[in-house]
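Undergrad: Handing you this structure, nothing more for now.
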Amino acid sequence: MLGDGAVGKTSLIRRFAQDDFGGEYKQTIGLDFSHKRVELPGGVTVSLQLWDIGGQSITSKMLTKYVTGAHGVVLCYDITSTDSFENLDDWAAVVRRAGEERAAKTGTAPPPPKFFVVGNKTDISHLRSVKMARHTGLASSLGGTGYLCSAKTGDQVAQAFFRIAADVAGVAVSRPDVQVRAKAITAHVISHKAGDGGEAPSATEQAAEREADGKGRRCAVM
């Protein structure tokens, strides 16, 4: 898992491996490991070892050693941060350099890893700054696949990692195979009143509320 700091790499892994989300941000220093077994069609079981590499590690001499031998590389970015998306080219270059260094040292080039591009934070998609065309274009240029998900809500996280596991293992999966991994997403309903930071209701809205005689309340689904 590669990408800038604060894009949600750790949160994505935590959501996938533990189905949990921590609201606080804690920077990953160096790298961390997680493990998850995935059952694929045809009785195939894949044991995913997830390397969570800190965003500051791009300048580390150890980074090429971390990525050497990886079967898959997940390039993560924040859909509301153009910089985090554009920096994925640099992260991909590190992976290529690792392969070149190993080939120069051993005389044999290791099989290149499969690339996957994951855009996180779709729960705030109204703030998106990276267009879908750029997302799919980068995934295509790397010869990989792109996914959009939210570590916060869990939307599409299980499906993305399921497809990644299947692709790395060379197992074909169907749309129904992926859809059954979907989880119910809880909508957080917030009631806004005049004076609590929201806009005061218009005269028409106030009249509608009086007519409803307290049976209905204005709310926003976030």
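Rule-based calculations on the coordinates, nothing more; no lab input. Just so it is clear, the model here is predicted, and its values are computed rather than measured. Here the Cβ positions follow ideal geometry from the backbone for every residue, glycine too, while neighbour counts run over all protein chains shown.
Undergrad: Sort the following peptides by mean Cβ neighbour count (other Cβ atoms within 10 Å, averaged over residues), highest first: 105-118, 160-173. Could you put the intermediate results ahead of the total?
TA: On the way: 105-118: 15.4, 160-173: 18.3.
Top of the packing list down: 160-173, 105-118.
Undergrad: Among Lys131/Lys152; Lys9/Lys105; Lys61/Lys131; Lys61/Lys121; Lys36/Lys61; Lys36/Lys105, which pairs are too far apart, with a Cα-Cα distance over 23 Å?
TA: Numbers: Lys131/Lys152 21 Å; Lys9/Lys105 31 Å; Lys61/Lys131 33 Å; Lys61/Lys121 30 Å; Lys36/Lys61 28 Å; Lys36/Lys105 32 Å.
Correct reply: Lys9/Lys105; Lys61/Lys131; Lys61/Lys121; Lys36/Lys61; Lys36/Lys105.
Undergrad: Still on this model: Need one word for the range 9-179: rounded, prolate or oblate. Basis is the Cα gyration tensor (sqrt eigenvalues a ≥ b ≥ c); a/c below 1.5 gives rounded, then a/b vs b/c decides.
TA: Numbers: a/c = 1.43, a/b = 1.14, b/c = 1.25.
Since a/c stays below 1.5, the shape of the range 9-179 is classed as rounded.
Undergrad: Here's something else I'd like to know. Determine the relative contact order of the range 9-179: mean sequence separation of Cα pairs under 8 Å and six or more apart, normalised by residue count, in whole percent. The partial results should precede the final answer.
TA: Numbers: 250 pairs, mean separation 39.5, N = 171.
Over the range 9-179, the number comes to 23 percent.
Undergrad: Mind listing the long-range amide H neighbours of Tyr147? Cut-off is under 5 Å, sequence gap 5 or more, other chains count too, H placed in the peptide plane at 1.01 Å from N.
TA: Long-range HN contacts for Tyr147: Val117, Val118, Gly119.
Undergrad: May I ask you to derive the FRET efficiency for Lys105 and Ser140 from their Cβ-Cβ distance with R0 = 30 Å, giving the value to the nearest 0.05?
TA: Working: r = 31 Å, r/R0 = 1.04.
Once rounded, the FRET efficiency stands at 0.45.
Undergrad: What is the set of long-range amide H partners of Asn87 at a cut-off below 5 Å, with H atoms built 1.01 Å from backbone N?
TA: So Asn87 has HN proximity to no qualifying residue.
Undergrad: Classify the range 137-181 as rounded, prolate or oblate from the Cα gyration tensor: take a ≥ b ≥ c as the square roots of its eigenvalues, call it rounded if a/c is under 1.5, otherwise prolate when a/b beats b/c and oblate if not.
TA: oblate
Undergrad: Read phi for every residue in the range 170-178 and hand back ³J(HN,Hα) as whole Hz from Karplus 6.51 cos²θ - 1.76 cosθ + 1.60, θ = phi - 60°, with x for Gly and Pro.
TA: x, 10, 6, 10, 9, 4, x, 4, 6
Undergrad: Rounded, prolate or oblate: which fits the range 40-84 when a ≥ b ≥ c are the square roots of the eigenvalues of the alpha-carbon gyration tensor, with rounded for a/c under 1.5 and prolate only if a/b beats b/c?
TA: Working: a/c = 3.64, a/b = 1.49, b/c = 2.45.
Oblate shape, in that a/c is at least 1.5 and b/c is the bigger or equal ratio.
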